[in-house]
Amino acid sequence: MRTYKFDNDDTMPAIGLGTWQAAPGEIGAAVHEALRLGYRHLDCAAVYGNEAEIGEALQESFSKGQVRREELWITSKLWNTAHAHDQVLPALGKTLSDLRLDYLDLYLIHWPVAMRPDCRFPKVPEDMISLEKLPTTITWGAMEEAKRSGLAHHIGVSNFSVAKLRDLVAHAKMRPEVNQIELHAYLQQGQMLAFCEQEGITLTAYSPLGSKGRPTGMRDSNEPVLLEDPTLKTIAERHQASVAQVAIAWAVQRGTSVIPKSVNPKRLAENLAAAELTLTADDMREISAMDRHRRYVGGEFWAIKGGPYTLVNLWDE
Ligand code: A2P
């Protein structure tokens, strides 16, 4: 499988297992199955509410000798409620204790959005803290400490626009090494891809299959369904592959890492096997014509009326 190399020679496998929306009670078995199949990259986050069960599965796999810690790439993310400088390391400590790990391979700021420590999800404008009051550079300073301490071998961000990334690069002592964003054929983000290539920042594609399992409140009844797209279906038929495999192979061939979520053994295997699929230049051209700048994860939940965040200042577009 393709890997992405970091400046200390660590390597991130291109295909990882996404764990958002993997419910407690099913994620443990999925992690066991994923490791058995050969997944070596797991994408986690404190807010997904399932890190303790993932940690238990990891611990069992290590103690059985199924896999060694150093063979894995494990990412987690800092939730919006812990952006204050003195809250970052405690939040990382909680994630490490839940995952039962001594270090993360990668720790990301989950969103360029700050919230009061006592709210998990915002309901009123007062739950939000503006980036003027709590700038990302403050949070980033603590992320740099996390890297210096060795608790996170690499640090980065998620859901950052090019403008926010550029600003962070300009002010950071240690550069963000990864930006994890929504990326698929309907949201190709060419400008971001070019910027990250130029800056040596690895891009990770989330919701690569169109996130059909996300909460109903985040879905539109008439939204385009990526996995039913006729162009992707035709390409999949040409390769005797599944549409999901085409979507994953496309992400890898663009030079991004990609974290399809599944808790189903058959689909876990299918998604990993996308590493064997090579799309032709024509396939890639056909897919590049599919872009429609369609977000499935629009960030509306941060744009509370009367609060400091709007969709315009969130995405800078
Ligand atoms: P499941 O966990 O039951 O397999 P995304 O990674 O874009 O968020 O998409 C995840 C959604 O896609 C989940 O609902 C997941 O369900 C489903 N899924 C994962 N792999 C496949 C696949 N190979 N084919 C079809 N659906 C898939």
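The values are calculated or read from the model by the stated rules, or taken from the named source; none is laboratory data. All figures in this text were calculated on a predicted structure; none of them were measured in a lab. A quick note on method: Cβ atoms are made from the backbone with ideal geometry, for glycine too, and the neighbour counts reach across all protein chains shown. In case anyone asks, the SASA skips ligands and DNA or RNA and just uses the protein heavy atoms, side chains included. Shrake-Rupley method; radii C 1.70, N 1.55, O 1.52, S 1.80 Å.
Below are the figures for this structure:
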| read-out | value |
| --- | --- |
| Condition met for residue 81 (part of a helix (DSSP H, G or I) and open to solvent by 20 Å² or more (accessible area, probe 1.4 Å)) | yes |
| Evaluation of residue 298 against (1) closer than 15 Å to residue 189 by Cβ; (2) more than 21 Å from the chain's Cα centre (by Cα) (one fails), failing number | (2) |
| Matching residues in segment 142-176 - criterion: being among the polar types (S, T, N, Q) and either open to solvent by 60 Å² or more (accessible area, probe 1.4 Å) or within 16 Å of residue 76 (Cα to Cα) (or both) | 149, 158, 159 |
| Positions within segment 301-317 being closer than 21 Å to residue 221 by Cβ, without any contact (Cβ under 8 Å) to a residue 40 or more places away in the chain and surrounded by fewer than 17 Cβ atoms within 10 Å (Cβ to Cβ), in sequence order | 311 |
| Set 76, 149, 97: member being polar (S, T, N, Q) and in contact (Cβ under 8 Å) with a residue 60 or more places away in the chain | 149 |
| Residue count, segment 214-270 (criterion: of a type in the set (Lys, Arg) and within 17 Å of the chain's Cα centre (by Cα)) | 3 |
| Of residues in segment 10-60 being of a type in the set (D, E, K, R) and in contact with a Pro (Cβ under 6 Å, 6 or more places away or on another chain), the one nearest to the ligand (Cβ to nearest atom) | 33 |
| Hits in segment 199-243 - residues which are farther than 23 Å from residue 179 by Cβ, within 12 Å of the ligand (Cβ to nearest atom) and either of a type in the set (Val, Ile, Thr) or open to solvent by less than 20 Å² (accessible area, probe 1.4 Å) (or both) | 225, 232, 236, 243 |
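Residue by residue, here is whether (1) surrounded by fewer than 17 Cβ atoms within 10 Å (Cβ to Cβ); (2) in a helix (DSSP H, G or I); (3) more than 20 Å from the chain's Cα centre (by Cα) holds:
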{"residue": "1", "(1), (2), (3)": "yes, no, no"}
{"residue": "21", "(1), (2), (3)": "yes, no, no"}
{"residue": "29", "(1), (2), (3)": "yes, yes, yes"}
{"residue": "42", "(1), (2), (3)": "no, no, no"}
{"residue": "54", "(1), (2), (3)": "no, yes, no"}
{"residue": "67", "(1), (2), (3)": "yes, no, yes"}
{"residue": "77", "(1), (2), (3)": "no, no, no"}
{"residue": "87", "(1), (2), (3)": "yes, yes, yes"}
